[in-house]
Amino acid sequence: MPWTARDTIRHNKSAASNPKRSKAWAKIATDALKEYGDDGTAIRVANAAVKHMKGGGATMKGMRKPKYV
């Protein structure tokens, strides 16, 4: 199930207040779900990526694979 920017409010309240970060969170979470096949891992990856955003968009490209996968 792909996530949308509206889902951000349930999983990352700080990103939910910024439309650009909400959209990035949804894209990253959806991409991570496709790659890892686990909702919890996808949410953690998206939260970490959005936390480290510096004004621009974020993607999973260049991110290390989580140790718990």
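The values are calculated or read from the model by the stated rules, or taken from the named source; none is laboratory data. Owing to the predicted nature of the structure, the values given are computational and were not obtained by experimental measurement. Don't worry about glycine lacking a Cβ; one is built from the backbone with ideal geometry, like all the others, and counts go over all protein chains shown.
So, in the stretch 13-54, exactly how many residues are buried (at least 20 other Cβ atoms within 10 Å of the Cβ) and modelled with pLDDT under 85?
Of the residues in the stretch 13-54, 1 are buried (at least 20 other Cβ atoms within 10 Å of the Cβ) and modelled with pLDDT under 85.
Please go through the stretch 1-42 and pick out each residue that is under 14 Å from MET53 (Cα atoms), polar (S, T, N, Q) and in a helix (DSSP H, G or I).
Of everything in the stretch 1-42, those that are under 14 Å from MET53 (Cα atoms), polar (S, T, N, Q) and in a helix (DSSP H, G or I) turn out to be SER14, SER22.
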